[in-house]
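Below is one structure, written out as structure tokens; the observations come after it.
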Amino acid sequence: MTGVSLGLRTGSYGSLQSARNVGLQANNGYVARRTSRASLSASRDKERWFTHIRRFIGRKEGGMLILFIIASFFWLAGFFTVYRDTSESGGLYFDMTIHNINSSKISPIMSCGEENIQHPPLLQSSSTLAFLADSLFNMENPCNSFAFPPPPPGDRRRYGPRPCPVCYLPVEQAMARMPRSPSLSPVLQHLTYYHQDHSITAERHGGSKFGGYPSLKLRNDSFKINESMTVHCGFVKGCRPGFQTGFDIDENDIRELQQFHEVIVASAIFGNYDIIQQPRNIGDFSRKNIRFYMFIDEATEAYMRNSSILDSTRRVGLWRIIIVHNTPYGDARRNGKVPKLLLHRLFPNIRYSIWIDAKLQLVVDPYQVLERFLWRQNATFAISKHYRRYDVFEEAEANKAAGKYDNVSIDYQVDFYKKEGLTPYSEAKLPIISDVPEGCVIIKEHIPITNLFTCLWFNEVDRFTSRDQLSFSSVRDKFMAQVNWSVNMFLDCERRNFVIQGYHRDILAQMSPPPPPSPPAILVRHSPPPPATSNNRGIIPITTRKIPVKKTPARRGRDRRSGSRRHRKVGNRDNTF
């Protein structure tokens with residue numbers, strides 16, 4: 001093909017040169033050879049065009065036309081650049097129209113798309129870390145030979161779940177084992193999100209305005225994983241999450257969240273529900289390069305400012321405070337699900353994220369956590385199992401008994417999943433170790449498949465109850481049925497190793513304060529002088545005298561004075577009951 005292409009280009013040049021020679025020889029009255037009329041006419045037309053172009057370029061009008069074309073080109077390029085910047089993280093959107101079945105109105109829906117963003121060089125590309133990465137590339141992980149030690153002897157004074165030993169690499173080695181390129185996303189490569197100015201609900205359980213009221217058909221279609229997909233994922237009022245979409249944040253914070261970050265740690269406090277916890281054991285490199293973000297609402301902001309916890313810097317220890325306005329839900333716990341499950345929308349340019357509930361205190365360096373639960377396992381999503389329950393049906397009953405949510409709504413959600421094929425957990429589901437997560441910690445690599453998973457998980461929370469443990473397994477099983485992707489579900493005792501469990505503010509308020517210390521025995525309290533009363537003879541002090549009352553101790557069991565129990569033989573003790 002290349003030789004043919006070059007031959008055609010050479011032949012055209014030869015035809016043009018032959019035409020020029022023929023014209024020159026005709027002017028001299030000499031023709032070397034006879035040329036076809038078609039080639040002569042074509043050559044003369046070309047020569048006329050070249051002559052006109054040379055004359056037009058030489059004029060003033062031609063130069064002005066060329067300048068106008070160049071200016072128009074640059075104007076169009078600038079217009080598309082500005083248009084692109086107004087959308088989410090450089091994305092573009094296109095129009096789509098979807099007809100609601102039960103409504104006569106037509107609801108226009110647009111899709112917010114994302115372009116392929118070129119990330120800057122990784123932070124680990126320094127000479128020291130690169131050397132460590134090269135030296136550890138073929139070296140076996142020393143934690144691979146780690147085995148759980150035998151459980152400690154029972155301690156009756158300590159109840160409930162406990163942490164178990166976890167093998168972490170040193171921080172430098174953990175950083176060196178960070179993958180240099182993103183993980184492959186199975187099947188799904190391009191993910192876009194619906195944007196709709198006016199959402200209309202046509203179903204009883206259709207979610208919220210913030211989620212866009214996706215119909216059941218759209219919900220079911222979103223579980224059909226393809227190479228390119230468009231789904232509902234919150235923030236439907238715009239392509240720029242946090243800007244006039246509900247869950248609004250300040251412009252400066254939006255620009256901060258859109259910056260590239262290799263690793264972030266995020267949490268949230270809504271409704272002044274928790275007390276902020278400061279991470280511990282964080283290395284110097286992580287303190288400088290990992291961002292810690294805490295989302296709070298206006299009620300929490302007012303409390304923190306009145307308590308002098310928050311000042312104009314909006315920093316509390318390692319946490320940078322992001323204030324949220326116009327929260328989409330009236331329930332503080334449901335508002336907390338927005339940053340928990342939609343971090344990839346708020347942070348469009350990050351690689352890894354660690355979400356921890358505000359009641360938890362992180363006590364292990366984030367790089368060590370990522371190495372242990374993602375990179376060592378070749379996983380892109382990790383979450384711990386529930387410390388006690390495995391079955392969704394048991395979890396639903398426990399939520400109802402504890403008053404976590406309206407019982408009717410919980411029953412409706414569980415019955416809906418049951419009709420879709422949800423079955424109680426059994427050993428037949430192995431290697432899946434549980435259907436119920438302990439969702440207070442989520443470790444995630446931000447690639448299309450994990451972003452889609454948290455989008456659809458959020459849609460279930462938006463449509464049904466805010467108890468995300470009830471919807472997790474249904475979304476996970478639908479994914480695993482179509483693509484070669486799974487969740488790294490680790491033990492709850494391993495989670496308790498790198499986070500310390502705390503209490504919500506209302507639980508702390510219910511706890512009784514410790515009793516005051518008893519006074520020393522030698523302390524003598526003097527009573528104030530008695531009040532004075534007046535009579536006909538003048539003011540006479542009235543004195544009172546306390547008569548000590550001897551308290552008789554209460555008797556327990558039989559009267560000890562009888563001596564019947566005291567002198568009973570030990571061998572006959574069983575016969576006394």
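Here are some notes:
- Positive minus negative residues near residue 205 (Lys, Arg vs Asp, Glu; Cβ under 13 Å): -3
- By accessible area with a 1.4 Å probe, ligands and nucleic acids excluded, highest first: order of 465, 201, 230: 201, 230, 465
- Rounded accessible area per residue of region 236-320, 1.4 Å, Å²: 44 Å²
- Environment charge of residue 424, counting only residues whose C-beta is closer than 9 Å and scoring Lys/Arg +1, Asp/Glu -1: -3
- DSSP-assigned coil residues among GluC sites (Glu not before Pro) in region 357-441, each with at most 13 further Cβ atoms within 10 Å: 420
- Distance between region 416-448 and region 328-402 - C-alpha centres, whole angstrom: 13 Å
- Among 66, 442, the sequence by solvent-accessible area, most first, with a 1.4 Å probe is 66, 442.
- Once the C-beta distance of residue 482 and residue 190 is scaled by a Förster radius of 25 Å, the resulting FRET efficiency is 0.90 to the nearest 0.05.
- Given a 1.4 Å probe and the protein chains as shown, residue 245 ends up with an accessible area of around 0 Å².
- If you take all other residues with their beta carbon under 12 Å from the beta carbon of residue 183, and give Lys and Arg +1 and Asp and Glu -1, the sum is +2.
- Dividing the convex hull volume of the alpha-carbon atoms in region 369-495 by its residue count gives 107 Å³ per residue.
- List 190, 205, 344, ordered by accessible area with a 1.4 Å probe, largest first: 190, 205, 344
- 5 angstrom amide H check on residue 316, placed H, neighbours 5+ away: 321
- Fully extending the segment from residue 411 to residue 228, taken as 0.36 nm per residue of separation minus the present Cα-Cα distance, adds 62.4 nm.
The values are calculated or read from the model by the stated rules, or taken from the named source; none is laboratory data. Just so we're clear, the structure is a prediction, and the values are computed from it rather than from any experiment. Note that each Cβ is placed from the backbone with ideal geometry, even for glycine, and that neighbours are counted across all protein chains shown. What goes into the accessible areas is simple: the full protein's heavy atoms, side chains included, and nothing from ligands, DNA or RNA. Shrake-Rupley method; radii C 1.70, N 1.55, O 1.52, S 1.80 Å.
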